[in-house]
1. Which order do peptides 367-377, 262-272 fall in by mean Cβ count within 10 Å, highest first?
2. For helix 2-26, report the angle its Cα long axis makes with the longest principal axis of the Cα atoms of the chain; keep it between 0 and 90° and round to the nearest 10°.
3. So what is Rg over Rh here for the range 178-236, counting just Cα atoms and using Kirkwood for Rh?
4. May I ask you to list the residues of the range 238-260 whose amide nitrogen lies under 19 Å from a point 7 Å from Cα along the Cα→beta-carbon direction of Asp333?
5. At what distance in nm do the modelled label points of Met261 and Leu342 sit from each other, each positioned 7 Å from its Cα along Cα→Cβ?
6. Using the count of nearby Cβ atoms within 10 Å as a rough guide to exposure, how do Ser35, Ser206, Ser178 rank from fewest to most?
7. Expressed as an acute angle from 0 to 90° and rounded to the nearest 10, what is the orientation of the C-alpha long axis of helix 164-176 relative to the principal long axis of the chain?
8. Mind checking the full-extension length gain between Glu63 and Ser248? Use 0.36 nm per residue of separation minus the Cα-Cα distance, one decimal, nm.
Amino acid sequence: MKRRALTILLLIVSVGFIGCSNQQQSHPPKTLLISFDGFGHDYLQKTATPHFDSLIAGGVQAEGLIPVFPSKTFPNHYSIATGLYPENTGFVNNTMYDPKWEEWYRISDREAVEDGRWYGGEPIWNTLEKQGIKTGTMFWVGSEADIQGMRPTHWKTYDDDMPGKARIDTVMKWMTDSGDQTVDFATLYYSDVDTKGHRYGTDSDSVKQAIERADRLMGYLKDQMMANDLWSNTNIIIVSDHGMVDLSADKLIRLDQIIDMDDLERVNWGPMTGIQPKEGEKEEVYQALKSAEENYRVYKKEDLPERYHLKNHRRVEDIIMVADLGYTILDEDYQDEFIESLPRATHGYDNNKKAMQAFFIAHGPDFKEGEKVGAFQNIHIYELINHLMDTEPAPSDGSIDSVKVLLK
Ligand code: AMP
Ligand code: ZN
Ligand code: ZN
């Protein structure tokens, strides 16, 4: 009799225990989203990267991460955050002119960067905060702005000089705080690799050293996560926003030799150059560019290819030039300065070019181990994070089905 009672008691205790541990397992793991700006899909082959290699061995790597067009930093980080194409966020370039507001957005203009009116759609930190999950952004495009009247629980004003390890230390604190502000979703951002690529070219020692610094940061991150008991219950997503291509003095497109610059209201220079002609000059400017179309493509805004997902926004200029890979669109004023600054590299080109693809690695309890998958578009990452966090996504252009292949 006694023995039976003991068995029943043991049964009750163990059922209770299993129930409790099930409850713990059903709580979604934490997610850490990390961006290394300008880290091309092939950069891991440039030098030894033991820490990235070990993340890949225990996780999943994509052959490439396809950016949105233009393959610039701000549109891409914001499309990753929202799962929306640029024409649906209004974040159509790093530099933008809004003809309705008659105002410019520049990434060096703090007031504009922190002004939520520029940022359409719903960033992931808002989606999660609305559903009771605390978030912390150790830099991310848009996270310094008041969007939908909200901000992450923890966020920082962008400071390029803040040391890499200190960024990790701050995020570790946010994720382990015992109070009611404990963060379950955090971001980290590093510009080092992009900066060195622009200044010295993709094959420079400076880029190799920046890749090695990024790799050491991943070693430090792992150590800190292990020490803070975060390693086994955190899904880590490592991305970049775009790749990089070298420029040269023999790949120039002199805009002022093709059209009369006096016919223009403004020019938004870059591998994608936006041209706003003066009233009544659009057809003439377009025809001149069309008849000289060599080493670039030119489109009237309304004829932009659908795959660019760009034409349905007022911040896109009336005529768009897209330079061929590695070509620079400029005028006489800038030519000497440009040539003197070589070797250098840039991005912003057609997002279907392999050289514009970024890298993608994911590691953690929900991701496959030791698998490689094909390239996919970065707009799916918003849905992926919602899936990992067990939250309801806002309407987006991405889909979880496109990235299910990453998951166990
Ligand atoms: P890009 O011109 O497209 O190469 O832009 C990359 C630059 O954006 C980097 O040099 C960063 O320093 C800068 N950047 C990234 N995030 C921010 C931010 N939140 N605020 C201001 N600048 C930023
Ligand atoms: Zn970038
Ligand atoms: Zn850049």
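1. On the way: 367-377: 14.5, 262-272: 17.6.
The packing order, highest mean first, is 262-272, 367-377.
2. Tilt of helix 2-26: around 10 degrees.
3. Details: Rg = 15.4 Å, Rh = 13.6 Å.
With Rg and the Kirkwood Rh in hand, the quotient comes to 1.13.
4. 253-260
5. 2.0
6. Values: Ser35 25, Ser206 15, Ser178 6.
Least crowded to most crowded, the residues run Ser178, Ser206, Ser35.
7. With rounding to tens, the tilt is 40 degrees.
8. Numbers: separation 185, 0.36 × 185 = 66.60 nm, distance 2.73 nm.
Full extension of this stretch gives 63.9 nm more.
Each reported figure results from applying straightforward, stated rules to the coordinates on display, with no laboratory input. As the structure is a computational prediction, the values presented were derived from the model and not from experiment. Note: ideal-geometry Cβ built from the backbone for every residue, glycine included; neighbour counts use all protein chains shown.
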